[in-house]
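I have placed the structure first, in the form of structure tokens, so that the comments after it can refer back to it.
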Ligand code: KIV
């Protein structure tokens with residue numbers, strides 16, 4: 001097992017696992033200083049491509065963005081989402097996961113649970129492809145965004161799902177929008193780390209979509225904390241640039257190029 005993955009597993013019950021998403025080198029280079037895990041999420045469909053769902057993002061889209069992200073990542077664990085439709089059976093999953101691993105040099109892939117694809121996780125793990133699971137609100141398989149695991153019956157079903165994912169060999173599981181009580185139960189009952197999004201502080205770690213926490217995406221459900229309103233800061237800069245260009249205040253003599261210089 002990859003040393004970075006062993007370190008993530010060891011953090012359970014010791015220190016919280018910090019994770020964020022990235023789709024490009026400029027962001028991943030900053031995240032790498034602070035995050036244990038950088039995820040190239042298929043949330044890029046909504047955030048970058050302005051699509052309504054994550055369903056149409058392609059394997060090639062994911063690979064291209066991961067190649068960019070990888071350039072900024074040295075120490076964090078780089079995990080890549082397998083897009084919808086790329087892991088429908090063992091053969092397809094193995095072929096596509098191998099392609100992601102080989103072309104991007106990432107550390108692991110993440111697949112969303114449809115409550116039946118435990119055999120696919122096992123197949124990938126048996127082929128030395130580390131897998132992160134994902135349960136609760138799984139956008140590739142669910143139509144409606146809602147809190148998961150609120151009743152005793154649903155909590156039991158989610159716990160069973162988490163245990164089967166652990167048994168299949170996943171090294172961690174994302175818990176998305178799962179009630180605090182159920183997140184606590186799952187985190188206590190499984191031996192691999194849980195990474196929560198909208199699932200309370202009982203999880204072993206947290207993940208957010210970076211564009212949400214930076215105030216760039218326009219998507220701010222209750223579980224997102226906006227740490228900065230980067231949209232306002234960018235707008236201010238763009239407005240100033242516009243004025244300066246119009247008033248011929250930019251470029252100044254000091255911005256003129258007298259020779260060629262590499263960037
Ligand atoms: O695609 C994504 O960004 C994700 C996170 C929300 C966990 O799967």
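FYI, it's all coordinate maths here, none of it is from the lab. Keep in mind it's a predicted model, so treat the numbers as computed, not measured. Cβ coordinates were reconstructed from backbone atoms using ideal geometry, including for glycine residues, and neighbour counts include every protein chain displayed.
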Which of 239, 102, 226 ends up with the largest GNM mean-square fluctuation for the chain, with Cα atoms connected below 10 Å? 239
Using Cα atoms only, what is the angle between the long axis of helix 230-246 and the major principal axis of the chain, expressed in degrees (0 to 90) to the nearest 10? 20 degrees
Of all DSSP beta bridges having both residues in the range 105-263, the percent classed as antiparallel (nearest 5) is 0 percent
Under 10 Å, Cα contacts only: if you run a Gaussian network model on the chain, which one of 169, 149, 119 comes out with the highest mean-square fluctuation? 119
If packing is taken as the average number of other Cβ atoms within 10 Å across a peptide's residues, how do 240-252, 44-56 rank, most packed first? 44-56, 240-252
Normalised by the residues of the range 3-228, what does the relative contact order come to in percent, with Cα pairs under 8 Å and at least six apart? 18 percent
With just the Cα atoms defining each centre, how far is the range 89-153 from the range 1-72? Give it in Å. 15 Å
P(r) weight above 26 Å for the chain, C-alpha pairs, percent: 43 percent
